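Comments concern the structure below.
The values are calculated or read from the model by the stated rules, or taken from the named source; none is laboratory data. Since this is a predicted model, take the numbers as computed values, not measurements. Ideal geometry is used to build each Cβ from the backbone, glycine not excepted, and the neighbour counts take in all protein chains shown.
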Amino acid sequence: MTGAMLKPRTYGVGRICAVKGCGTRLSAYNPSDVCALHGGAWQEERHHGARKAAQREEMARRCAFDLCGREFTTTNPARKYCSDACRMRAFQARVMEARRAQTEATPIRRAS
Ligand SMILES: [Zn+2]
Ligand SMILES: [Zn+2]
């Protein structure tokens, strides 16, 4: 083994961005002749996979509204219901439940 394979390929040190007025020093590992801000593509490629997974991972959920219980997929971790309709119905059901609990707990006062 010569070790040549382990040496990362470099493109020269001390180069600057080809875009006029930028003047950013280029990384020796940057194959293009513009900085990351102006080129971007070579960096985009490297981070693309990780970024995509972190931001837009679809997950299977079950609708939190009991009467629906439908399975749906979403990229929003905060989403609980399959649709706005279910969200509204669940909200109304909760309000009704609270109201009923309140009337049951409160003894009926009779005016004397
Ligand atoms: Zn630049
Ligand atoms: Zn639903």
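Of the residues making up region 1-52, those that are hydrophobic (A, V, I, L, M, F, W, C), at pLDDT below 80 and more than 30 Å from Thr75 (Cα to Cα) are Met1, Ala4, Met5, Leu6. Cβ-Cβ contacts under 7 Å between residues 6 or more apart (or on different chains), taken from a first residue in region 21-47 that is surrounded by 12 or more Cβ atoms within 10 Å (Cβ to Cβ) to a second residue that is outside any loop (DSSP other than H, G, I, E, B) and modelled with pLDDT of 80 or more, are listed as Thr24/Ile16; Arg25/Ile16; Leu26/Ile16. Checking each residue in region 53-112 for being at pLDDT below 90 and in a helix (DSSP H, G or I) picks out Ala53, Ala54, Gln55, Gln102, Thr103, Glu104, Ala105.
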